[in-house]
Amino acid sequence: MLAGERPGGNAISQELGLSASVLVNVAGKSALARVIETLEASEMVEGGLLSGPVEKIYRDNEEFRQILSASSLQWTAPESGPSASALAALEQLDRFPVLLTTGDHALLSPGLVDFFCREAMKMDVDVVCGLAPYSIVHAAYPESKRTVLKFSDGQYCGTNLFAILNRAGKAGPAFWRQLEAQRKHPWRMARRLGTGLLLRYLFGRLSLDQALESLSRAMGCRVGYVRIEVARAVVDVDSVADRDLAEKILLQ
């Protein structure tokens, strides 16, 4: 599980005065505690690592230690970015398959985690991501602003659920780590992804399957997706507006 902070803190931790954004209170309980409780209740997850926050925050915050002491997860120091942290955690675990999610995914449920894991393990690929149709997300939460992936055959939102099914799947986070290192040089990133791929996407001529096929070639591993028909699966809590939405959903 990823729980790192950007240098200077994430936006929500700055706004609410938190030492780490995953400690944001969501309907009486921190986002991190909610995610860990979900993973502990899952039939498909056994143990794991919490990557982040940095050691000083972790050591100085009693809440972190209390949350982890009641779980089967262990803390590990984060790397310079999400993909690098994921890759380091995979190396440390050295067992597969591995579920990867984020510590601010407060609306995860054991059923959703188990569904994603079971469907992912049926696939003959190396890396799997969870995608939810934007239509059901917008219908459920029309006021919520979400990042939308617009393909020629449908629009989707990410769910912060990933499965690395085998050793070959480590090529996925390794590839994205290289992209993160070039984030200040967009055209270098474009060349790695393929300018043709990006142009087809921008002009609405790229299907989801074509995108995954092209990503598989660029990343050097086979990429698939699980379609998740659950709107709440896309709601992570990285802003105050998302926190308010998550609390509304939970209280309902």
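The values are calculated or read from the model by the stated rules, or taken from the named source; none is laboratory data. All values derive from a computational prediction rather than experimental measurement. Every residue, glycine among them, receives a Cβ derived from its backbone with ideal geometry; neighbour counts consider all protein chains shown.
Details
- Segment 112-125, residues that are outside any loop (DSSP other than H, G, I, E, B) and of a type in the set (D, E, K, R): Asp114, Arg118, Glu119
- Residue pairs whose Cβ atoms lie under 9 Å apart, separated by 6 or more positions or on different chains, with the first residue in segment 121-139 and more than 16 Å from Arg222 (Cβ to Cβ) and the second acidic (Asp, Glu) and modelled with pLDDT of 95 or more, are Gly130/Glu119; Ala132/Glu229; Pro133/Glu229; Ile136/Glu229.
- Number of the condition not met by Val24 [criteria: (1) surrounded by 22 or more Cβ atoms within 10 Å (Cβ to Cβ); (2) among the β-branched types (Val, Ile, Thr); (3) modelled with pLDDT under 95]: (3)
One line per residue, one yes/no per condition, for (1) surrounded by fewer than 18 Cβ atoms within 10 Å (Cβ to Cβ); (2) of a type in the set (Gly, Ala, Ser); (3) in contact with a Cys (Cβ under 7 Å, 6 or more places away or on another chain):
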residue: Ser69; (1), (2), (3): yes, yes, no
residue: Leu73; (1), (2), (3): no, no, no
residue: Ala77; (1), (2), (3): yes, yes, no
residue: Pro82; (1), (2), (3): no, no, no
residue: Glu91; (1), (2), (3): yes, no, no
residue: Val98; (1), (2), (3): no, no, no
residue: His105; (1), (2), (3): no, no, no
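- Filter pass, Leu68 being at pLDDT below 95 and touching a Phe, Trp or Tyr at 6+ places or on another chain (Cβ under 7 Å): yes
- One residue alone among Asp209, Asp242 is modelled with pLDDT of 95 or more, of a type in the set (Asp, Glu) and within 18 Å of the chain's Cα centre (by Cα), and that residue is Asp242.
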